[in-house]
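The values are calculated or read from the model by the stated rules, or taken from the named source; none is laboratory data. Predicted model, so just to flag it, every value in this text is computed and none were measured. Quick reminder, even Gly has a Cβ in these numbers, built from the backbone with ideal geometry, and neighbours come from all protein chains shown. Protein only, heavy atoms only, side chains kept; ligands, DNA and RNA dropped before computing areas. Shrake-Rupley method; radii C 1.70, N 1.55, O 1.52, S 1.80 Å.
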Amino acid sequence: MFRRKLGTVGAFFALILHAPLRAALSPEAGSFSFQSYSPKTYTASPQNWAIVQDRRGVLYFGNTDCILEYDGVSWRRIPLDNRSGVKALAVDANGVVYAGGQGTFGYLHVAANGAMQFVSLLERFSQTDRQFGDIWNVLPTDQGVYFSSDHRLFLVPKKGPVKVWFSADTIGRVVFAAFGKIYLSSNASGLLSIENGRLIPSAWGARFLEDPLVAAYASRDLVLLASTQRLYRLHGNILQPFLTGADAYLSEHTIYTLSRLSTGDIAVGTKRGGMVLLNAQGQLNRRATKRDGLPSEFVTALFTDRQANVWVATDGGIARFEPALTRFGEAQGLSGSVYAIGRLGGTIYAGTTVGLYRLRASPDAEPVFQPVDAIKETVWVIVAHNGLSLVAAQNG
């Protein structure tokens, strides 16, 4: 008799159909299935630093060699005017893509041949102010676009002359807008804000002197800051630790970036431990490392596209996954080929060629399948009927 296998080598995919595709990750979800894009695929450096998407749906990646453009089918390189790498990208309210390189910054413009090309904005600044290294951040605002380097913060306004703030201290590794102010990191003060056109030390910036600020996520309802070792939440002018179920892991593996997914979950990229996914309350949902399919343990940027796919930039390539589609396999305790799946008494069971497995799930741990010792033969059917739990196996 023919039986359709749901998976091979002990694996099957689970789409959470009983919940909206943008709901927070279920405790019963398995491991993410990553699609990787190697340097050979996009023909550029393994190192990627930033990700954005324009109004057409085209994706752009800040790469050590250039800007990478990806339309879902093919990749194209967009060089900067000085052929430097790109560590910062952003899209403004009008859909314009801005980029920051090493010693240059500007925007993308449609050329006569229909292709996007980089246009530098340096000609608007004095020769003295053109002396800088990497642009670490690009921040579009209602006032204009900010570009930050180690010692200079540039503002290209929508109208009027450009403005430059200079500091002998290292500033601008992190720049964000929150509660009507512009903030930027500083190695001397921890954090600065722009007040009446001047850079002023923040009241709570000293917290980041020993453990510097490395990333920020800011929206109307949530402002999260990340030092190398932990997360903080900003309420108005009050900064509070954002406690999570992964505090020890994040401290050990060094935070580098963070983002908020369309599900409301918080994604944190680390230097040595891949990606950590937290729910809105800070509980640990998942960890994903190179072993799980990431190109590298060093996650440099995270971005959710219009289709709710999550893109992960690393120093070893690019990866993509769908939070609504997860995978169960040998790493989650399954053995054999999967023939049946069913929910009995509120618990998910899987039948394979070597027996019956029960899913053990909890909010603070990754789910695993455990064997049901009483059934160690091929399971064909799992079904609940008239209050009974029925399992059809090879011998009965």
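Could you look at the chain and say what percent of its accessible area is carbon and sulfur, using a 1.4 Å probe and all protein chains? Numbers along the way, then the final one.
Working: 9070 of 18570 Å².
After summing per-atom areas, the C and S share lands at 49 percent.
Can you compute the charge dipole magnitude of the chain about its Cα centre, using +1 on each Lys and Arg Cβ and -1 on each Asp and Glu Cβ, nothing else charged? Give it in debye, rounded to the nearest 20. List each step's numbers first, then the result.
On the way: 38 positive and 30 negative charges, 113 e Å.
My answer is approximately 540 debye.
Rank K159, K181 by accessible area, highest first, at a 1.4 Å probe radius?
On the way: K159 180, K181 70 Å².
The ranking, largest first, comes out as K159, K181.
Hey, what's the range 81-216 come to in accessible area per residue, 1.4 Å probe, Å²?
Details: 6420 Å² over 136 residues.
Per residue, the range 81-216 has 47 Å² of solvent-accessible surface.
Go ahead and run the numbers for FRET between S262 and A365, Cβ-Cβ distance against an R0 of 22 Å, rounding to 0.05.
Working: r = 24 Å, r/R0 = 1.09.
In this case the efficiency is close to 0.35.
In debye, nearest 20, what is the charge dipole magnitude of the range 186-256 about its Cα centre with +1 on Lys and Arg Cβ and -1 on Asp and Glu Cβ, if you could check?
Values: 5 positive and 6 negative charges, 42 e Å.
About 200 debye.
Leaving out same-chain residues fewer than 8 places away, which lysines sit with a Cα under 19 Å from that of K158?
K181
Apply the a/c threshold of 1.5 to the C-alpha gyration tensor of the chain and tell me whether it is rounded, prolate or oblate.
Working: a/c = 2.83, a/b = 1.94, b/c = 1.46.
Judged from the Cα gyration tensor, the chain comes out prolate (a/c at least 1.5, a/b above b/c).
Can you grab the distance from the C-alpha centre of the range 336-395 to the C-alpha centre of the range 236-293, Å, no decimals?
Between the Cα centres of the range 336-395 and the range 236-293 lies a distance of 32 Å.
Once you sort the root eigenvalues of the Cα gyration tensor of the range 232-384 as a ≥ b ≥ c, which label holds: rounded (a/c under 1.5), prolate (a/b larger than b/c) or oblate (the other case)?
On the way: a/c = 2.40, a/b = 1.94, b/c = 1.23.
The shape class here is prolate.
Ranked from the most accessible area to the least, with a 1.4 Å probe and all protein chains present, what is the order of S259, S126? Provide the component values of the computation, followed by the final result.
Values: S259 20, S126 55 Å².
Largest accessible area first, the list is S126, S259.
So for the range 65-176, taking the charge dipole from beta-carbon charges (+1 Lys/Arg, -1 Asp/Glu), which of L89, P157, H109 sits furthest toward the positive end?
So the residue furthest toward the plus end is P157.
In nm, to one decimal, how far is the modelled label at D169 from the one at R358, with both set 7 Å along Cα→Cβ?
5.9 nm
Suppose only helical runs count, i.e. DSSP H with n ≥ 4. What mean residue ellipticity at 222 nm does that imply for the chain under -39500 (n - 2.57) per run, divided by all residues and rounded to the nearest 500 deg cm²/dmol?
So the helix-based figure for the chain works out to -500 deg cm²/dmol.
Highest GNM mean-square fluctuation, the chain, Cα pairs closer than 10 Å: which of G85, G351, G62?
Judging by the Gaussian network model, the answer is G351.
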